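The values are calculated or read from the model by the stated rules, or taken from the named source; none is laboratory data. Note that this is a predicted model, so its numbers are computed, not measured. Backbone-built Cβ (ideal geometry, glycine too); neighbour counts: all protein chains shown.
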Ligand code: AMP
Ligand code: ZN
(Lines give C-alpha, C1' and ligand atoms only; values in the text may rest on other atoms or scores of the structure.)
(Ligands and ions follow the chains in the order given, each with its own letter.)
Protein backbone atom coordinates (compact mmCIF):
# COMPACT_ATOMS: atom_id res chain seq x y z
CA UNK A 1 0.00 0.00 0.00
CA UNK A 2 1.65 3.22 -1.21
CA UNK A 3 -0.11 6.33 0.04
CA UNK A 4 0.49 9.92 -1.08
CA UNK A 5 0.82 12.32 1.84
CA UNK A 6 -0.79 15.15 -0.15
CA UNK A 7 -3.83 13.17 -1.34
CA UNK A 8 -7.23 13.64 0.36
CA UNK A 9 -8.36 10.03 -0.10
CA UNK A 10 -4.96 8.65 1.03
CA UNK A 11 -5.43 10.72 4.21
CA UNK A 12 -8.91 9.22 4.64
CA UNK A 13 -7.52 5.69 4.17
CA UNK A 14 -4.79 6.45 6.75
CA UNK A 15 -7.41 7.76 9.20
CA UNK A 16 -5.90 11.25 9.22
CA UNK A 17 -9.16 12.73 7.95
CA UNK A 18 -12.42 11.33 9.34
CA UNK A 19 -14.86 9.41 7.17
CA UNK A 20 -17.91 7.22 7.66
CA UNK A 21 -16.62 3.78 6.73
CA UNK A 22 -19.02 1.34 5.09
CA UNK A 23 -16.51 -1.38 4.09
CA UNK A 24 -12.82 -2.22 4.33
CA UNK A 25 -10.55 -5.09 3.38
CA UNK A 26 -6.87 -5.48 2.49
CA UNK A 27 -7.27 -3.73 -0.88
CA UNK A 28 -10.33 -1.50 -0.70
CA UNK A 29 -11.74 1.20 1.56
CA UNK A 30 -15.32 2.46 1.15
CA UNK A 31 -16.98 5.41 2.83
CA UNK A 32 -19.98 7.71 2.57
CA UNK A 33 -19.71 10.60 0.13
CA UNK A 34 -19.77 13.89 2.02
CA UNK A 35 -22.19 15.43 -0.51
CA UNK A 36 -24.56 12.58 -1.37
CA UNK A 37 -26.61 12.81 -4.55
CA UNK A 38 -28.91 9.94 -3.55
CA UNK A 39 -30.00 8.16 -0.32
CA UNK A 40 -27.07 5.75 -0.82
CA UNK A 41 -23.83 7.31 -2.08
CA UNK A 42 -20.61 5.48 -1.23
CA UNK A 43 -17.09 5.92 -2.58
CA UNK A 44 -14.90 2.83 -3.15
CA UNK A 45 -11.16 3.47 -3.35
CA UNK A 46 -8.09 1.26 -3.76
CA UNK A 47 -5.91 1.32 -0.63
CA UNK A 48 -2.96 2.53 -2.67
CA UNK A 49 -2.52 5.81 -4.49
CA UNK A 50 -3.62 5.47 -8.12
CA UNK A 51 -4.62 8.75 -9.75
CA UNK A 52 -7.32 7.72 -12.13
CA UNK A 53 -8.96 5.08 -14.32
CA UNK A 54 -6.34 5.56 -17.05
CA UNK A 55 -3.63 4.48 -14.62
CA UNK A 56 -5.84 1.79 -13.07
CA UNK A 57 -5.94 0.06 -16.44
CA UNK A 58 -2.25 0.51 -17.21
CA UNK A 59 -1.09 -2.94 -16.07
CA UNK A 60 -2.20 -6.00 -14.11
CA UNK A 61 -0.69 -4.77 -10.82
CA UNK A 62 -3.03 -1.80 -10.98
CA UNK A 63 -6.09 -3.36 -12.63
CA UNK A 64 -6.43 -6.04 -9.96
CA UNK A 65 -7.66 -3.19 -7.74
CA UNK A 66 -10.58 -2.72 -10.16
CA UNK A 67 -11.57 -6.34 -9.55
CA UNK A 68 -11.21 -5.87 -5.79
CA UNK A 69 -13.37 -2.73 -5.89
CA UNK A 70 -16.14 -4.58 -7.74
CA UNK A 71 -15.93 -7.51 -5.34
CA UNK A 72 -16.35 -5.01 -2.50
CA UNK A 73 -19.31 -3.35 -4.22
CA UNK A 74 -21.00 -6.74 -4.61
CA UNK A 75 -20.45 -7.54 -0.93
CA UNK A 76 -21.87 -4.21 0.23
CA UNK A 77 -24.86 -4.57 -2.12
CA UNK A 78 -25.56 -8.04 -0.69
CA UNK A 79 -25.03 -6.99 2.95
CA UNK A 80 -27.23 -3.91 2.63
CA UNK A 81 -29.77 -5.59 0.31
CA UNK A 82 -29.27 -2.96 -2.37
CA UNK A 83 -31.00 -4.46 -5.41
CA UNK A 84 -30.35 -1.69 -7.90
CA UNK A 85 -27.47 0.74 -8.05
CA UNK A 86 -25.27 2.75 -10.37
CA UNK A 87 -21.45 2.74 -10.35
CA UNK A 88 -19.74 5.87 -11.65
CA UNK A 89 -16.10 6.71 -12.30
CA UNK A 90 -15.09 10.15 -13.48
CA UNK A 91 -11.66 10.19 -15.14
CA UNK A 92 -10.05 13.56 -15.75
CA UNK A 93 -11.16 17.15 -15.44
CA UNK A 94 -13.74 17.28 -18.25
CA UNK A 95 -15.46 14.20 -16.83
CA UNK A 96 -15.68 15.91 -13.44
CA UNK A 97 -12.95 14.13 -11.49
CA UNK A 98 -12.22 16.41 -8.52
CA UNK A 99 -10.09 14.10 -6.34
CA UNK A 100 -7.10 12.56 -8.11
CA UNK A 101 -7.24 9.21 -6.35
CA UNK A 102 -9.31 6.81 -8.43
CA UNK A 103 -12.73 6.17 -6.90
CA UNK A 104 -16.00 4.53 -7.84
CA UNK A 105 -19.27 6.10 -6.75
CA UNK A 106 -21.98 3.61 -5.76
CA UNK A 107 -25.31 5.41 -5.97
CA UNK A 108 -28.70 3.96 -5.06
CA UNK A 109 -31.99 4.51 -3.33
CA UNK A 110 -33.80 6.55 -5.92
CA UNK A 111 -34.99 6.34 -9.50
CA UNK A 112 -32.27 7.53 -11.88
CA UNK A 113 -32.54 8.87 -15.37
CA UNK A 114 -29.93 8.60 -18.07
CA UNK A 115 -27.88 11.47 -19.48
CA UNK A 116 -25.12 13.70 -18.20
CA UNK A 117 -27.38 15.92 -16.11
CA UNK A 118 -29.38 13.16 -14.49
CA UNK A 119 -27.10 12.74 -11.46
CA UNK A 120 -26.08 16.36 -11.02
P1 LIG B 1 -15.35 13.12 -8.27
O2 LIG B 1 -16.01 14.45 -8.53
O3 LIG B 1 -15.81 12.01 -9.16
O4 LIG B 1 -13.85 13.25 -8.24
O5 LIG B 1 -15.82 12.68 -6.83
C6 LIG B 1 -15.25 13.17 -5.65
C7 LIG B 1 -16.26 12.96 -4.57
O8 LIG B 1 -15.60 13.04 -3.32
C9 LIG B 1 -17.39 13.99 -4.54
O10 LIG B 1 -18.64 13.33 -4.72
C11 LIG B 1 -17.26 14.63 -3.16
O12 LIG B 1 -18.50 14.91 -2.56
C13 LIG B 1 -16.50 13.57 -2.39
N14 LIG B 1 -15.71 14.05 -1.26
C15 LIG B 1 -14.84 15.10 -1.24
N16 LIG B 1 -14.27 15.21 -0.02
C17 LIG B 1 -14.79 14.22 0.74
C18 LIG B 1 -14.61 13.83 2.11
N19 LIG B 1 -13.77 14.45 2.94
N20 LIG B 1 -15.34 12.77 2.56
C21 LIG B 1 -16.20 12.12 1.74
N22 LIG B 1 -16.40 12.43 0.44
C23 LIG B 1 -15.71 13.48 -0.05
ZN1 ZN C 1 -4.32 8.93 -2.87
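Numbers for the structure displayed
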| quantity | calculated |
| --- | --- |
| Candidate set from the stretch 1-16 (those that are under 23 Å from residue 64 (Cβ atoms), near ligand 2 (Cβ under 8 Å from one of its atoms) and outside any loop (DSSP other than H, G, I, E, B)); member that is nearest to the chain's Cα centre (by Cα) | 9 |
| Residue match in the stretch 73-92 (condition: modelled with pLDDT of 95 or more, closer than 16 Å to residue 3 by Cβ and either within 16 Å of ligand 2 (Cβ to nearest atom) or out of contact with any strand residue (DSSP E or B) (no Cβ under 7 Å at 6 or more places or on another chain) (or both)) | no |
| Any hit, the stretch 48-63, residues being assigned to a strand (DSSP E or B) and in contact with a strand residue (DSSP E or B) (Cβ under 9 Å, 6 or more places away or on another chain) | no |
| Residue 82, sole failed condition from (1) touching a residue at least 24 places away in the same chain (Cβ under 8 Å); (2) in a loop (DSSP other than H, G, I, E, B); (3) within 11 Å of ligand 1 (Cβ to nearest atom) | (3) |
| Qualifying residue in the stretch 61-68 (condition: more than 14 Å from ligand 1 (Cβ to nearest atom), in contact with a helix residue (DSSP H, G or I) (Cβ under 9 Å, 6 or more places away or on another chain) and touching a residue at least 24 places away in the same chain (Cβ under 8 Å)) | yes |
| Residue satisfying all of: in the stretch 27-44; free of Cβ contacts under 8 Å to residues at least 40 places away in the same chain and over 11 Å from residue 105 (Cα atoms); surrounded by the fewest Cβ atoms within 10 Å (Cβ to Cβ) among these | 35 |
| Candidate set from the stretch 1-26 (those that are touching a residue at least 60 places away in the same chain (Cβ under 8 Å) and within 11 Å of ligand 1 (Cβ to nearest atom)); member that is surrounded by the fewest Cβ atoms within 10 Å (Cβ to Cβ) | 8 |
| Matching residues in the stretch 28-44 - criterion: being assigned to a loop (DSSP other than H, G, I, E, B) and within 12 Å of the chain's Cα centre (by Cα) | 33 |
